[in-house]
Amino acid sequence: MKRTLSGALVAASLGLGLEQAVTFTPALAQSSLTDRDGVRADRGSRHEISRREAIHMAKFSGVTRVRNVDRRGRYWIVLGETHRGRRLMNVRIHARSGRVVGMDRVR
């Protein structure tokens, strides 16, 4: 009797698990982004990188001394000096994804 009951419980739990695997969730709104790496889906994340994270990304890209950080629309603009010849660089970082979008030398 216990064997039959435990077998029925296992079968019921497998059946419930199978039902959950087949159910579909509603799709979230998505848009596509096209950049130099190709086309990718933007999942619509609400998280944006902070000023501190933007400075970290700029330093990772070659800026040694940060002079100014400014938020302009979707981008963080970090102005800083490079380790080579103390040249000034503007590093543009996408505020949502944290990707370095552009680096320009300031004259």
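The values are calculated or read from the model by the stated rules, or taken from the named source; none is laboratory data. Please read these numbers as outputs of a predicted model, since none were measured by experiment. Neighbour counts are summed over all protein chains in view; Cβ atoms, including those assigned to glycine, are modelled from backbone coordinates with ideal geometry.
Go through the residues of region 93-105 one by one and say whether even a single one is modelled with pLDDT under 85, surrounded by 10 or more Cβ atoms within 10 Å (Cβ to Cβ), part of a strand (DSSP E or B) and hydrophobic (A, V, I, L, M, F, W, C).
no
So how many residues does region 74-87 have that are at pLDDT 90 or above and not hydroxyl-bearing (Ser, Thr, Tyr)?
7
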